[in-house]
1. Taking into account only those residues within the stretch 229-248 that are within 29 Å of Ser263 (Cβ to Cβ) and among the polar types (S, T, N, Q), which is nearest to the chain's Cα centre (by Cα)?
2. Suppose we filter Ser159, Ser209 for residues that are surrounded by 22 or more Cβ atoms within 10 Å (Cβ to Cβ) and hydroxyl-bearing (Ser, Thr, Tyr); which single one remains?
3. Mind checking which residues of the stretch 112-129 are aliphatic (A, V, I, L, M) and either over 14 Å from Ala82 (Cβ atoms) or in contact with an Asp or Glu (Cβ under 7 Å, 6 or more places away or on another chain) (or both)?
4. Failed condition for Gly198, given (1) part of a helix (DSSP H, G or I); (2) at pLDDT 95 or above, with all others met?
5. Inspect all residues belonging to the stretch 179-188 and state whether any of them is touching a residue at least 40 places away in the same chain (Cβ under 8 Å) and assigned to a loop (DSSP other than H, G, I, E, B).
Amino acid sequence: MKLKHILILSTSLILNVILIREIITYQPDIYKYRHYHKYKMMGWFDKGLAFNEPKSDSIAYILTIGQANAGNTSNWLDTAGAGVFSYYKGELYPAVDPMVGSNGYGGSVWPAVGDSLIKEKRFKKVIFIPIAVGSTNIQDWATGPCNALLKNTLEELKSKNVKLTHILWHQGESNNGTPKDEYKKNLEKILTDIRENGQSAPFYCSIASFSPLSKKFASGIDPSVQQAQIEFVNEHAGVLLGPNTDLLNMAMDRYDAIHFSRSGKLKYINQWLECLKNEAEFSNQESPSSKQSLVL
């Protein structure tokens, strides 16, 4: 090989290394460390703490369930303070984004929600059981593979004598365009499975239907899915209203038009905290008729 060719090849390699370094340097953390986070969320790099059977009523056990925005998809990562954990396969992990248990390699709202519940002296310890799966539709959770995940999780919690204090549902974007009755029927099936496994905690149902990929609605918001979620809250005892993330549809709140940016994530966190303040309503709620009907 001639010296000229060697110099050209060497220069090209150096420039490519510099370019790759610059790309990595300025990538958001969720992309920069995505391969590390992929395995971290499965508990590979953090040593789990042994989980002991609950012996205190000052511990919150919160099941988070649904699709991507209930999991690890924000481009802003958080770390919770002491006392906030993620439960996964019989062990506890610090509540650090991405949360061990859910899929995705980005941030979630749960570390900040857990911190706030402790700071407000609602609980001394908060343990999340995060099982949200990105891009899933409600059929997946009602009868598909995610239903098996849900049931296995509930059976595992039952074997450890864990009584959930909250069940937080956020899903609907993947069902944009689904008929109201179909969505509501599947949501009722999910609630039935949870109750039949002995978990009576309040079930918070988010209002979520916004999808920029909607083929039916120019706004991206599906009123039929919204109405199914509202009717589900109105018609079932033990079900309370969660956040309305269809209100967070501005470009500044969704870094890729779907998942939450830092500003969207902060608004979503505040929505959850405001909803959880209504927990006292649940203790006085005996039947759907005792609730004030919700409307959009």
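1. Within the stretch 229-248, the match that is nearest to the chain's Cα centre (by Cα) is Thr245.
2. Values: Ser159 fails: surrounded by 22 or more Cβ atoms within 10 Å (Cβ to Cβ).
Exactly one of Ser159, Ser209 is surrounded by 22 or more Cβ atoms within 10 Å (Cβ to Cβ) and hydroxyl-bearing (Ser, Thr, Tyr), namely Ser209.
3. Within the stretch 112-129, the first condition is being aliphatic (A, V, I, L, M), and the residues that meet it are 112-113, 117-118, 126-127, 129.
If the condition is that a residue be aliphatic (A, V, I, L, M) and either over 14 Å from Ala82 (Cβ atoms) or in contact with an Asp or Glu (Cβ under 7 Å, 6 or more places away or on another chain) (or both), then Ala112, Val113, Ile129 are the ones that fit.
4. (1)
5. Within the stretch 179-188, one or more residues are touching a residue at least 40 places away in the same chain (Cβ under 8 Å) and assigned to a loop (DSSP other than H, G, I, E, B).
The values are calculated or read from the model by the stated rules, or taken from the named source; none is laboratory data. It should be emphasised that the depicted structure is a prediction, and the values quoted were computed from it without experimental measurement. All Cβ positions, glycine included, derive from the backbone under ideal geometry; neighbour counts span all protein chains shown.
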